[in-house]
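Accompanying notes for the structure given below.
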Amino acid sequence: MNGREQLIAIKAILWKEVLRFSRLWVQTILPPMISTALYFVIFGRLIGSQIHDLNGFHYMDYIVPGLILMAVITNSYGNVVASFYSSKFQRHIEEMLVSPLPNYLIMIGFVGGGLARGIAVGGAVTLVSLFFTVIPLHNLFIAISVLLLTSTLFSLAGLINAIYATSFDDITVIPTFVLTPLTYLGGVFYTVTMLPPFWQHISMANPILYMVNAFRYGLLGVSDVNLNVAFIAIIAFNVVFFWYALNLLNRGYGVRT
Amino acid sequence: MPTALSIQNLSKVYQNGVIALQGIDLTVEQGDFFALLGPNGAGKSTTIGIISSLVNKSAGKVAVFGHDLDHDLAAAKASIGLVPQEYNFNQFEPVIEILASQAGYYGIPRPLALERAELYLNQLGLWDKRLEHARNLSGGMKRRLMIARALVHEPRLLILDEPTAGVDIEIRHSMWNFLREINEAGTTIILTTHYLEEAEQLCRNIAIINNGRIVENTSMRELLSRMDTHTLVLDLLHPLAQAPALPGFSTSLPDEHTLEVVVSGHSSITQLFMALALQNIEIGSLRNKTNRLEELFIRLIGNKGEDA
């Protein structure tokens, strides 16, 4: 395939992926908007009004970046894991496998779909946030690059999960037992400085903590972690996950016999 | 001019130890309508899976129009259109989107993809269903959708793995006509089927695979010429109590109005009628026993349109 054909192929996969989650907007876009609104009402307004400022910000303002990024993480992951596994389950992944599409384009197409949903949900959740608070934009470049890198990373993670999955249970185990705890313990609702020293050290091993704080820096200008370390970690994870997912696809793991 | 398909010493051993192919060799010439037949589990689908890159081979060489699968996979894939045995499209997608996406994976721009989708959906009688979700189509329509999808990038080699399984006879015959047309237009076709009449009607050359080995590879005409007997079914005008003895023929009487006669390849039908006349047995009609019900069904329903 020449470059033009590859571009057409990527567009075809992206179009299909975006159409899929857009068609299912009641299941894909609306729920994170509602849950974020509830977080704002309960944690931000009702409980948050009883909590003192964190790093110089009202509690409501402090949790905004984490809530946006949490929605981006969950939806990027969820989009790719569901879409790829479903294409394996219904066997329409074979439509791509018999075509001249190289594996890296298949991967980019699915990850692009996860990224598109991550951005769409991130945008929708940001809009909801604006009903409750004003978001100061400290550094747009950092905010956007962290959001895109995080969305890409969790799209890749969702793809790896889907490649290994052999049942619908397999695509819910990781989000429920790994992703959700790591996200909630990733400093979305608190600053790690509130934790005892031991748990602060433990928290530093949580990659989501770096993403949340880097994104928070982009919006609010405050962070619990070193920004350089955060970027290096996020990019390194992206490279490793990209290589790993591509390796699985090249081996035909889970899709070719 | 390279052959459409060249397979050399192809083997496949699955991870569970099952030996699906034991070093098969096969050549399909350009423009051929080729039947790959065999019982269930013989290795037909594995062979097709390897050709279309859905199954990894254990050993051997496969080339499609001279493009080796090991060294020139993308070009080989671009030459192939696959109609698999099982439905493998997104059941929740509209028919036209299934075709447009598939064309996109081959680098065909969307406007051209939609143009071709219209062409093939029209030819296969599915244009009216283009906006329907695939799951709402009947079995026959789903089969035709997979044929349209396999053709949307205009492959030179079309591989059909039991394309008419579960399809009613009327639709099956309309699919046969369509396949004949695209073969005459230059597309090489490889067909696997359990309906032997289908292979007999459509294919010029044939390979029979059994236990992962090619046990026969010849022309259809040559194979059929080896058939040394066939059974004629005679409808009697007057009932008989027992099967008559006809010199040179084996007879049986399924019911008092029906006489079945096994005719060997070297026997004369004239001799048969003479023997019947000698015994004053009058015949109302005569037909070949094979595909008798199918022929009757086609005659009864005619060509009254598409399946519902």
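For residue B:129, state whether it is buried (at least 19 other Cβ atoms within 10 Å of the Cβ), at pLDDT 90 or above, under 26 Å from residue B:181 (Cβ atoms) and in contact with a Ser or Thr (Cβ under 7 Å, 6 or more places away or on another chain).
For residue B:129, the condition - buried (at least 19 other Cβ atoms within 10 Å of the Cβ), at pLDDT 90 or above, under 26 Å from residue B:181 (Cβ atoms) and in contact with a Ser or Thr (Cβ under 7 Å, 6 or more places away or on another chain) - is not met.
Before we move on, is residue B:171 within 14 Å of another protein chain (Cβ to nearest Cβ) and either crowded, with 21+ Cβ neighbours inside 10 Å or in a helix (DSSP H, G or I) (or both)? Can you show your working first?
Values: within 14 Å of another protein chain (Cβ to nearest Cβ): no; either crowded, with 21+ Cβ neighbours inside 10 Å or in a helix (DSSP H, G or I) (or both): yes.
When the stated conditions are applied, residue B:171 does not pass them.
Out of everything in region A:5-22 that is facing chain B (nearest Cβ under 8 Å) and not aliphatic (A, V, I, L, M), what residue ends up being surrounded by the fewest Cβ atoms within 10 Å (Cβ to Cβ)?
Across region A:5-22, the extreme among qualifying residues is A:11.
Of the residues B:91, B:102, only one is over 24 Å from the mean Cα position of the chain (by Cα) and within 8 Å of chain A (Cβ to nearest Cβ); which?
Checking each option against the conditions leaves just B:91.
Would you say residue B:180 is at pLDDT 90 or above and more than 24 Å from residue B:43 (Cα to Cα)?
Spelling it out, residue B:180 is indeed at pLDDT 90 or above and more than 24 Å from residue B:43 (Cα to Cα).
Give me a count of the residues in region B:54-88 that are buried (at least 24 other Cβ atoms within 10 Å of the Cβ), among the small types (Gly, Ala, Ser) and either outside any strand (DSSP E or B) or at the interface with another protein chain (Cβ under 8 Å from one of its Cβ atoms) (or both).
Result for region B:54-88: 1.
Can you work out which of the residues in region A:88-117 that are of a type in the set (S, T, N, Q) and surrounded by fewer than 23 Cβ atoms within 10 Å (Cβ to Cβ) is nearest to the other protein chains (Cβ to nearest Cβ)?
Among those residues, the one meeting the criterion is A:90.
Where the second residue is polar (S, T, N, Q) and assigned to a helix (DSSP H, G or I) and the first is within 13 Å of chain B (Cβ to nearest Cβ) and lies in region A:246-257, which pairs have Cβ atoms under 7 Å and are six or more apart or on separate chains?
What qualifies is A:249/A:103; A:250/A:103.
Exactly one condition in (1) buried (at least 17 other Cβ atoms within 10 Å of the Cβ); (2) within 14 Å of chain B (Cβ to nearest Cβ) is not met by residue A:59; state its number.
In the conditions (1) buried (at least 17 other Cβ atoms within 10 Å of the Cβ); (2) within 14 Å of chain B (Cβ to nearest Cβ), residue A:59 misses (2) alone.
In region A:46-87, which residues are more than 17 Å from residue A:143 (Cβ to Cβ) and among the hydrophobic types (A, V, I, L, M, F, W, C)?
A:46, A:47, A:51, A:54, A:60, A:80, A:81, A:82, A:84
Given the conditions (1) assigned to a helix (DSSP H, G or I); (2) surrounded by fewer than 22 Cβ atoms within 10 Å (Cβ to Cβ), and given that residue A:1 satisfies all but one, which numbered condition is not satisfied?
(1)
Could you check region B:20-53 and list, in sequence order, the residues that are surrounded by fewer than 22 Cβ atoms within 10 Å (Cβ to Cβ) and part of a helix (DSSP H, G or I)?
The answer is B:45, and nothing else.
The values are calculated or read from the model by the stated rules, or taken from the named source; none is laboratory data. Keep in mind the model is a prediction, meaning the values are calculated, not measured. Every residue, glycine among them, receives a Cβ derived from its backbone with ideal geometry; neighbour counts consider all protein chains shown.
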